[in-house]
Structure formats: structure tokens, C-alpha cells
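Chemist: Encoded as C-alpha cells, here's the structure I'll be asking about.
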Amino acid sequence: MNNYQEFRDAAPGEVPVRGFLHHPTDPGDDWLVLTHGAGSNCEAPLLVTLADAFCLSGLNVLRCDLPFRQLRPHGPPAPGSAERDQQGLRSAIASVRRLTTGRVFLGGHSYGGRQASMLTADDPGLVSSLLLLSYPLHPPRRPGELRTAHFPRLRVPALFVHGTRDGFGSIEEMEAALKLIAVTTQLLPLTAAGHELLTKRNRDEATRTIVDTFRSFAGIR
């Protein structure tokens, strides 16, 4: 679609924000901030596809690069970068709030979703709902290393979208983990999908399902 525009913001005292804005033809007041995983950036096909689809549905979208990706174009996050990446998401939310009086939702793929959930576990008033795509429950083939320590503190409703072939956690493991969260959650399994969620075969249907399910989950009219 290419209906987006480059966006940069660097308010005093905030981590700089870099990304792209998607504005619907007939926009409402609600916004979705969407970010990427450890091995990609905000131009990842999954993010562009979902941002376009949410935009078509009437939602304003900011898809943004995490601070670690702003510092270098390739490679995973450096050890110790998680806190700054969370502050980058806080800055992105603040940037959006300067553009709207509506609700703000926060979404992320894999590492980005994990940072989003950790940030909101510490500050539940930041956003209205979470969209967590392929939450990296544990490293592949290391099921004992669960990344759920903050789940009992999470107070923001969260939709988890997870492929049935995701090596970072099975559907059964995800179902067990979500029992640690006291607020409303929903697990949306995508049959035969891996960690990247979308394939040539499932792209259109899966994209519609994610958008429709999140809009219903978050009460977006």
C-alpha cells in the first residue's frame, strides 16, 4: 500500500523515536504502536503487512524501531539493552499521545513483544491493551528457561498470537504460561505457522484473523 510516512521524534528527556506512521483515510482517535523482534527492524514484512491491515481497518499505526536497532542496522540486541528498549517504547507511546486523545495500544513481535509486556508490567497505565506476536516464551529447545517472571505483575489485557510450529514455545506451553496472568488474556493460535507467523500460503487469512481478533479483543469499534 505504501500509505505511510517517515516519522521521527526526539522530545527532551525521552529516547528518540524512529519509524513510520500509517494514517487511515477516515481515521479515528485510537492508535497502535507496533515494533519488531531481535533480528529485524520496523520494515519487517510482518510489521508492514499488519500495519497496513490495521490502517485499512481504521486504526492509526506507528511502527517503530527499538533503540538497539537505531544504534546499528544489523545484529541482535546487545546485553543490557532491554531497559533502553523499553524506554524507547515509552517514548513512542508518548509521541503518539501528543497526536491523539484516544486510546493507545502497544504491540510487538517476539523480543519487541516481550519488552512491551515487561514495560507495561511495571507501568500498567501506559496503554489500553497489548498485542503480543510470537511471544518468545523460552529459547528454542530450552523449555526450562521461561521468560515469564513478570507475568504475575501484568495488569494490561493481552492478546497473544502464536504459531503452532513456533520453536519458542508450544501452544500447550503458552496456555500454561497465560494462567500466570491475572487480567484478561486471549491466545490466538495460527495453524502451521512458525515464529514469523505469516507465510505466502496463510498471509491474507492470517492477517485478517489477527486484525479482526485484536479489534474485538480491544473493543475497537
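The values are calculated or read from the model by the stated rules, or taken from the named source; none is laboratory data. All values derive from a computational prediction rather than experimental measurement. Cβ sites come from the backbone with ideal geometry, for glycine too, and all protein chains shown count toward neighbours.
Chemist: Would you be able to tell me the number of residues in region 167-192 that are in a loop (DSSP other than H, G, I, E, B) and in contact (Cβ under 8 Å) with a residue 24 or more places away in the chain?
Modeler: Number of matching residues: 10.
Chemist: Can you report the number of residues in region 116-166 which are of a type outside the set (A, V, I, L, M, F, W, C), closer than 27 Å to N202 by Cα and outside any loop (DSSP other than H, G, I, E, B)?
Modeler: 3
Chemist: To continue, here is another question. Could you please find all residues in region 135-164 being of a type outside the set (V, I, T), touching a strand residue (DSSP E or B) at 6+ places or on another chain (Cβ under 9 Å) and within 17 Å of L188 (Cα to Cα)?
Modeler: Y135, L137, P157, A158, L159, F160, H162, G163
Chemist: Can you find even one residue in region 113-122 that is of a type outside the set (A, V, I, L, M), without any contact (Cβ under 8 Å) to a residue 60 or more places away in the chain, surrounded by fewer than 19 Cβ atoms within 10 Å (Cβ to Cβ) and out of contact with any helix residue (DSSP H, G or I) (no Cβ under 7 Å at 6 or more places or on another chain)?
Modeler: Yes, because at least one residue in region 113-122 is of a type outside the set (A, V, I, L, M), without any contact (Cβ under 8 Å) to a residue 60 or more places away in the chain, surrounded by fewer than 19 Cβ atoms within 10 Å (Cβ to Cβ) and out of contact with any helix residue (DSSP H, G or I) (no Cβ under 7 Å at 6 or more places or on another chain).
Chemist: Given the options A193, A206, name the one that is closer than 28 Å to D26 by Cα, modelled with pLDDT of 95 or more and buried (at least 16 other Cβ atoms within 10 Å of the Cβ).
Modeler: Only one candidate qualifies: A206.
Chemist: Further, regarding this structure: Give region 57-85 a look and list any residue that's of a type in the set (A, V, I, L, M) and surrounded by 15 or more Cβ atoms within 10 Å (Cβ to Cβ), or say none.
Modeler: L59, V61, L62, L66, A82
Chemist: How many residues are buried (at least 19 other Cβ atoms within 10 Å of the Cβ) and either more than 20 Å from the chain's Cα centre (by Cα) or of a type in the set (K, R) (or both) when one looks only at region 1-20?
Modeler: 1
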